[in-house]
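Beneath this line is the structure, given in structure tokens, with notes to follow.
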């Protein structure tokens, strides 16, 4: 198997694309050879800072570069499908930022194209790579908390609308507000830790309380405020999700609200043998995890010592692993589609003011069968016949 050569990567998008460049700095098996983006000033700055050889204005020119094997996509939501389909058609391995798509129809077309391409395809849920999330996942999987019966996921901002009048607050361009922007992160964290239980029903509500008044703007946003522009998405969403195994999960997410939260997210779980709580304030990566149990009937709290991990770096390490060795990549496009399917149901429940029943979805979580994996399987098959 190919494990020594370097994979030549192009990055599309010079906004959050900076996190991609920082992540790939820690991966010696990857070589960033090109950037593409319409924000010339930001792209030039990134090209110079990270010594990237080539820069394109049009992403299609980057995709036409035969030297590039793989791309990561860090563009606004309304471009995810277009750029992904073009990249797969150009024969590139693809990793796209969350959410996979604005809606299920787009996501299904992307997943179908990826399966036909035979290329590695995945979605970036970088919060899974956090040390606190990894520890809780491990403890739940080994049964340390017993039977999990309820979870809570939240991402709350006091004043964090990314840009009044930007694409973030345009329903057509973004697909939604904080639910599809922030909530999908913690929803993925919770479902992954819980072992991917099958959702059967959702009941939800959404509110636009501050955005339409021109309030709640994130002071650190790079998008200039346009207070006169229409505010078309929610600024708070809340949901209750039921699962086939009896579990429940509550989800709260906001860009703006009069609360004590600054910029905080996390998940917590209640089991019949113990509990766990991750609470992250202002993007801290240590001091965020507590486990709850008892010793001889006495309530006990354990706070593990955590390591700081570059979340995107871990995602890209697995991406390169998959390209070079054929090992399946996760989170797959199918997992990304599941999250979009649930988000879409939450929006529908809020719009219709009622609980929405969900049909079972047969999911193949292995992702596309890559060319290298197919060759390896064929070689193993031949060896078995000798």
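Coordinate-derived values only; no laboratory data. Quick caveat: nothing in here was measured; it's all calculated off a predicted structure. Here the Cβ is made from the backbone with ideal geometry for all residues, glycine too, and neighbour counts use every protein chain on show.
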> Sorted by mean Cβ packing within 10 Å, highest first, what order do the peptides 352-360, 105-113, 193-201 take?
Replying inline: 105-113, 193-201, 352-360
> Between (i) 86, 42, 38; (ii) 181, 52, 33; (iii) 64, 57, 41, which matches Cα extents along the principal axes in Å calculated for the structure shown?
Replying inline: (iii)
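R0 = 56 Å: FRET efficiency of residue 54 with residue 295, Cβ-based, nearest 0.05? Please list the in-between numbers first.
Working: r = 60 Å, r/R0 = 1.06.
Calculated transfer efficiency: 0.40.
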> Taking one equal scatterer on every alpha-carbon of segment 203-286, how large is log10 of I(q)/I(0) by Debye at q = 0.17, 0.23 1/Å?
Replying inline: -0.89, -1.22
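As an exercise, use a Förster radius of 22 Å and the Cβ-Cβ distance of residue 302 and residue 279 to find the FRET efficiency, rounded to the nearest 0.05. Let's see the in-between values first.
Working: r = 15 Å, r/R0 = 0.67.
The formula returns an efficiency of 0.90 here.
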> Which whole-number percentage describes the relative contact order of the chain, with Cα contacts under 8 Å and a sequence gap of 6 or more?
Replying inline: 20
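Fewest to most neighbouring Cβ within 10 Å: what's the order for 306, 191? All intermediate terms of the calculation are to be shown ahead of the outcome.
Working: 306 17, 191 22.
Neighbour counts put them in this order, fewest first: 306, 191.
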>> With a 10 Å cut-off between alpha carbons and a GNM built on the chain, which of 248, 84, 332 moves the most?
In response: 248
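Return the equivalent ellipsoid semi-axes of segment 87-191 as a descending list in whole Å, where each equals the square root of 5 times an eigenvalue of the C-alpha gyration tensor. Could the numbers behind the result be given before it?
Numbers: eigenvalues 151, 106, 27 Å².
Here the semi-axes work out to 27, 23, 12 Å.
Extension gain residue 167-residue 45, at 0.36 nm per residue separation less the Cα-Cα distance, in nm?
Contour length minus the Cα-Cα distance gives 41.6 nm.
Relative to the compact globular guide of 2.2 N^0.38 Å, what is the alpha carbon radius of gyration of segment 131-302, as a ratio? All intermediate terms of the calculation are to be shown ahead of the outcome.
Details: Rg = 17.6 Å, N = 172, 2.2 N^0.38 = 15.6 Å.
In units of the globular-protein estimate, segment 131-302 measures up at 1.13.
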> So, by mean Cβ neighbours within 10 angstrom, what's the order for 238-244, 118-124 with the highest one leading?
Replying inline: 118-124, 238-244
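What is segment 64-188's relative contact order, in percent, from Cα pairs under 8 angstrom and six or more apart in sequence? It would help to have the intermediate numbers written out before the result.
Working: 130 pairs, mean separation 32.0, N = 125.
Worked out over segment 64-188, it gives 26 percent.
When the gyration tensor of segment 155-229 is built from Cα positions, what are the square roots of 5 times its three eigenvalues, in whole Å, from largest to smallest?
Values: eigenvalues 153, 35, 24 Å².
Rounded to whole Å, the semi-axes are 28, 13, 11.
Got the relative contact order for segment 131-302 handy, in percent, Cα pairs under 8 Å and 6 or more residues apart? Each step should come with its number before you reach the end.
Working: 399 pairs, mean separation 57.5, N = 172.
That works out to 33 percent.
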> Which stretch or stretches of segment 237-268 have amide N atoms under 18 Å from the point lying 7 Å from residue 213's Cα along the Cα→Cβ direction?
Replying inline: 237, 254-261
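Report, in cubic angstrom per residue, the convex hull volume of the C-alpha atoms of segment 268-361.
Values: hull volume 19.7 nm³, N = 94.
Normalising the Cα hull of segment 268-361 by residue number yields 210 Å³.
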>> Can you give the log10 of the normalised intensity I(q)/I(0) at q = 0.12, 0.15, 0.17, 0.21 Å⁻¹, computed with Debye over equal Cα scatterers of segment 1-145?
In response: -0.53, -0.79, -0.97, -1.30
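Go ahead and run the numbers for FRET between residue 112 and residue 359, Cβ-Cβ distance against an R0 of 25 Å, rounding to 0.05. If you can, show how the numbers build up before the last one.
Values: r = 19 Å, r/R0 = 0.76.
Efficiency, from the Cβ-Cβ distance: 0.85.
Work out, step by step, the length gained on full extension between residue 150 and residue 348: first 0.36 nm times the residue separation, then minus their alpha carbon distance; give nm to one decimal. Numbers along the way, then the final one.
On the way: separation 198, 0.36 × 198 = 71.28 nm, distance 2.31 nm.
So the extension gain works out to 69.0 nm.
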